[in-house]
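Asks: The structure under discussion is supplied below as structure tokens; questions concerning it will follow.
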Amino acid sequence: MLGFALVLLSACGNPRAGGSADTGAAPPDNTPRARPSVTLRPQNKAGDLFRTTRKLRVEELTEAERYLTESEETTLTEVLRVDDAGRLLSVRRSWESSFTRLTHGYGKGEEARGALDGSVLELTQKAGGVEARRIAGEADVRGANFLIEGFDTGLLPLDPVREGDYWQLEGNRLGGLNAFIEAMRFKIEKNKLTCQLSRVTPTEAEISLEWRISGELQDAAAVLVFSGELRFDRPAGMISSFSLKGGREGRDGTQIEISIDRRPVKGWLDLEK
């Protein structure tokens, strides 16, 4: 690329003898192209339905042991009420499946249902948080912290952005994402997530993610590093996928994986993957 640029500079700085010979070809247009700005904010409306699958995989390796924790949760959300900007104010959410599998070594592992498996809740945004009302199931929701929108929504930029732009989030602005790490008994001291709009098309926007966390794990200083991406479905006005992979700095292999897949559905029986 550098050689090509030098050739162009040389051609521009050394016109051929004789002045204005007409080669019949139009001169190249080197005018910088403007990067159009895009707004990446969810746009919901009452009656919308979407299905979300969240997965978490944590592998812990020692010199003699292997421990694997896998969690998966699939929910179906019906939008009941939104504000003027299309942000969710009230939803009905059904936990279609929820389980955790614990594996010691490389065997089959033991699987347990999640506390919300089979539950249906109505969630309403209030000034002090989210109010949960049980519609079906036996889950005890008292004192539980729910999010009407996923934590991934909080990673989207508030202002219009252009391809190549980046922004950073730190501290408690990553509260929902931090919960995954804190569940591993990791004490977070500092964290910074860098997001960059890497590609924009009429149908999709891709955002690259780089996350670095420093703190304490099992009474020892530790640093976690992750990389991944977020995809925003522009026609649907929602995040369609989110993924992060990483682990302790300086160790080979991936120890932690977090993924979310989301898609709009046409009805409660729309089970197409």
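Just so it is clear, none of the values below were taken in a lab; they were calculated from the coordinates. Computed from a prediction, not measured in an experiment: that's the story for all the values here. Reconstructed Cβ throughout: ideal geometry from the backbone, glycine too, with neighbour counts over all protein chains shown.
Asks: Suppose every Lys and Arg Cβ carries +1 and every Asp and Glu Cβ carries -1, with no other charges. What dipole size does the range 173-224 come out with about its Cα centre, to the nearest 20 debye?
Replies: 120 debye
Asks: Between the range 57-125 and the range 201-244, what's the alpha-carbon centroid distance in Å?
Replies: 18 Å
Asks: Once the other residues with Cβ under 15 Å from the Cβ of D219 are scored (Lys, Arg +1; Asp, Glu -1), what is the net sum?
Replies: Result for the neighbourhood of D219: +1.
Asks: Right, another one. Provide the per-residue ³J(HN,Hα) series for the range 120-137, in order, calculated from phi with Karplus coefficients 6.51, -1.76, 1.60 and θ = phi - 60°, each as a whole number of Hz, with x at glycine and proline positions.
Replies: 10, 10, 9, 10, 10, 6, 10, 4, x, x, 10, 8, 10, 10, 6, 9, 8, x
Asks: If you don't mind, another one. Compute and list, largest first, the equivalent-ellipsoid semi-axes of the range 49-264 from the alpha carbon gyration tensor, each √(5λ) rounded to a whole angstrom.
Replies: Those come to 28, 25, 16 Å.
Asks: Quote the Stokes-Einstein diffusion coefficient, in whole µm² s⁻¹, for the range 117-213, based on the Kirkwood radius over alpha carbon pairs, a temperature of 25 °C and a viscosity of 0.890 mPa s.
Replies: 153 µm²/s
Asks: Then there's this: Using the 10 angstrom Cβ neighbour count as an exposure proxy, how do D84, D159, D165 rank, fewest first?
Replies: Ascending number of Cβ neighbours within 10 Å: D84, D159, D165.
Asks: Could you give the nm distance between label points at K192 and A220, where each point is 7 Å from its Cα heading toward the beta carbon?
Replies: Roughly 2.6 nm, to one decimal.
Asks: I would also like to ask the following. I need the shape label for the range 103-171. Rule: rounded when a/c is under 1.5, else prolate if a/b > b/c, else oblate, with a, b, c from the alpha carbon gyration tensor.
Replies: Cα axes put the range 103-171 in the oblate bin.
Asks: Quick check on the range 171-253: what are the equivalent-ellipsoid semi-axes from the Cα gyration tensor, as sqrt(5λ), descending, whole Å?
Replies: 28, 13, 10
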